[in-house]
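See structure below.
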Amino acid sequence: MSKPLVPPMPLYISLLIIVVAAMFVLRRCGSFAANSSDGADSLDVCIEYSPMSCYMYADTVGGFGYDVLRLVAKRGGINLRMHNVVSLHTGLEGLDNGNYKLMVAQFPATAEVKQRYLFTDAVYLDRQVLVQRIDSLGNIAVKSQLDLAQDTIYVVQNSPMYDRIRALSHEIGDTIFIKEEPDYNAEQLMIMVATGQIDYAVVNAYVAKNLVGAYPNLNIGTKISFTQFQSWALPLAETAIRDSINAWLADVKAGEAYADLCRRYGVTEH
């Protein structure tokens, strides 16, 4: 039986900062929800704490997902009860048990996960990349996907990255071992690679680009997937909510406010 990961002290400190920040964002999102959830037309939404979805800057809550969601809610005239989650696993559990009707997170709408959840139309475009360390000579171990044979890659538990790596293993004709991490999110996996706790992780490119500047020993240049649609997830039974959100989202994406958000966050429109 493999031993559980025991992060070194620098990683503990980084993870503690992330958890404290997430708790603060939860309080801020909660205060927004309390001010806007009166009335019958309200929607319970879980939103992932991440650079793409929801985070703090200065004293303001931001994030591309958060800002687009507010535009959609305004367009539809609905109130939001927002619930911040740190791990994708927690958000999906909430969808499964009926606590949430919508999840805003880094969760590409692949064919495999469409069997388990409904998805809105694409909110933006992204792709999956490999995170690895650069050695003292400036070299990387994995220069192409073929170099991943017999290596172990860490992914967030229940993320579509698992299915993509499993498919990639078939494509290269060799085994790629996959470890699902239930407690840490994509940013934390990147920190674990940077500190030498693990060798490889696969995350969305937008997350990688936003964090790699803080860790100059990381390389994110190896692509793992083609460009993918990034959508919001719902339980399979919520077709009416999905259809309404799609209509409001289409109106939002046709407006200048959405284009401004894409420029501000460096996101590819769809």
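The values are calculated or read from the model by the stated rules, or taken from the named source; none is laboratory data. These figures come from a predicted structure and were not determined experimentally. Here the Cβ is made from the backbone with ideal geometry for all residues, glycine too, and neighbour counts use every protein chain on show. Ligands, DNA and RNA are excluded from the accessible area calculation, which covers all protein heavy atoms including side chains. Shrake-Rupley method; radii C 1.70, N 1.55, O 1.52, S 1.80 Å.
Pairing each residue of region 239-253 that is closer than 17 Å to LEU95 by Cβ with any residue that is among the hydroxyl-bearing types (Ser, Thr, Tyr) and buried (at least 16 other Cβ atoms within 10 Å of the Cβ), provided the two are 6+ apart or on different chains, yields C-beta distances under 7 Å for ARG242/THR120; ILE245/THR120. Every test in (1) assigned to a loop (DSSP other than H, G, I, E, B); (2) closer than 20 Å to SER244 by Cα is passed by ASN158 save one, and that test is (2).
For every residue, the table says whether it meets (1) at pLDDT below 50; (2) in a helix (DSSP H, G or I); (3) in contact with a strand residue (DSSP E or B) (Cβ under 8 Å, 6 or more places away or on another chain); (4) not hydroxyl-bearing (Ser, Thr, Tyr).
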site	(1), (2), (3), (4)
LYS3	yes, no, no, yes
VAL6	yes, no, no, yes
VAL61	no, no, yes, yes
LEU71	no, yes, no, yes
MET103	no, no, yes, yes
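Annotation note: of LEU261, LEU249, the sole residue that is open to solvent by less than 20 Å² (accessible area, probe 1.4 Å), modelled with pLDDT under 95 and of a type outside the set (Ser, Thr, Tyr) is LEU261. Of all the residues in region 232-244, those that are touching a Leu at 6+ places or on another chain (Cβ under 9 Å) and either open to solvent by 40 Å² or more (accessible area, probe 1.4 Å) or of a type outside the set (Phe, Trp, Tyr) (or both) number 9. Please work out if TYR12 is more than 23 Å from VAL267 (Cα to Cα), aromatic (Phe, Trp, Tyr) and modelled with pLDDT of 90 or more. Answer is no for this residue. Answer with yes or no whether ASN84 is modelled with pLDDT under 90, in a strand (DSSP E or B) and not β-branched (Val, Ile, Thr). Considered against the rule, which asks whether it is modelled with pLDDT under 90, in a strand (DSSP E or B) and not β-branched (Val, Ile, Thr), ASN84 comes out as yes. State whether the residues of region 226-239 include one that is outside any loop (DSSP other than H, G, I, E, B), closer than 16 Å to GLY65 by Cβ and of a type in the set (Gly, Ala, Ser). Yes, that holds for at least one residue. Residues that are assigned to a loop (DSSP other than H, G, I, E, B) and of a type outside the set (Val, Ile, Thr) within region 105-131 comprise ALA105, GLN106, PHE107, ALA109, ALA111, GLU112, ARG116, TYR117, ASP121, ALA122, ARG127, listed in sequence order. Within region 213-229, the set of residues being closer than 19 Å to ASP147 by Cβ and crowded, with 16+ Cβ neighbours inside 10 Å comprises LEU218, ASN219, ILE220, THR222, ILE224, SER225.
The residue that is most open to solvent (accessible area, probe 1.4 Å), among those in region 79-96 that are among the polar types (S, T, N, Q) and within 15 Å of the chain's Cα centre (by Cα), is THR90. Residues in region 182-212 that are at pLDDT below 90, outside any helix (DSSP H, G or I) and surrounded by fewer than 22 Cβ atoms within 10 Å (Cβ to Cβ): PRO182, ASP183. For ARG116, the test of being out of contact with any Gly (no Cβ under 9 Å at 6 or more places or on another chain) and under 17 Å from THR222 (Cα atoms) is failed. Pairing each residue of region 192-211 that is under 20 Å from ALA141 (Cα atoms) with any residue that is at pLDDT 95 or above and among the acidic types (Asp, Glu), provided the two are 6+ apart or on different chains, yields C-beta distances under 9 Å for VAL193/ASP199; ASP199/ASP151; TYR200/ASP151. Would you point out the residue of region 133-175, among those that are basic (Lys, Arg) and crowded, with 16+ Cβ neighbours inside 10 Å, that is farthest from ASN219 (Cα to Cα)? Only one residue tops the list, namely ARG164. Taking region 184-207 as the range and being closer than 19 Å to PRO51 by Cβ and among the acidic types (Asp, Glu) as the test, only GLU187 passes.
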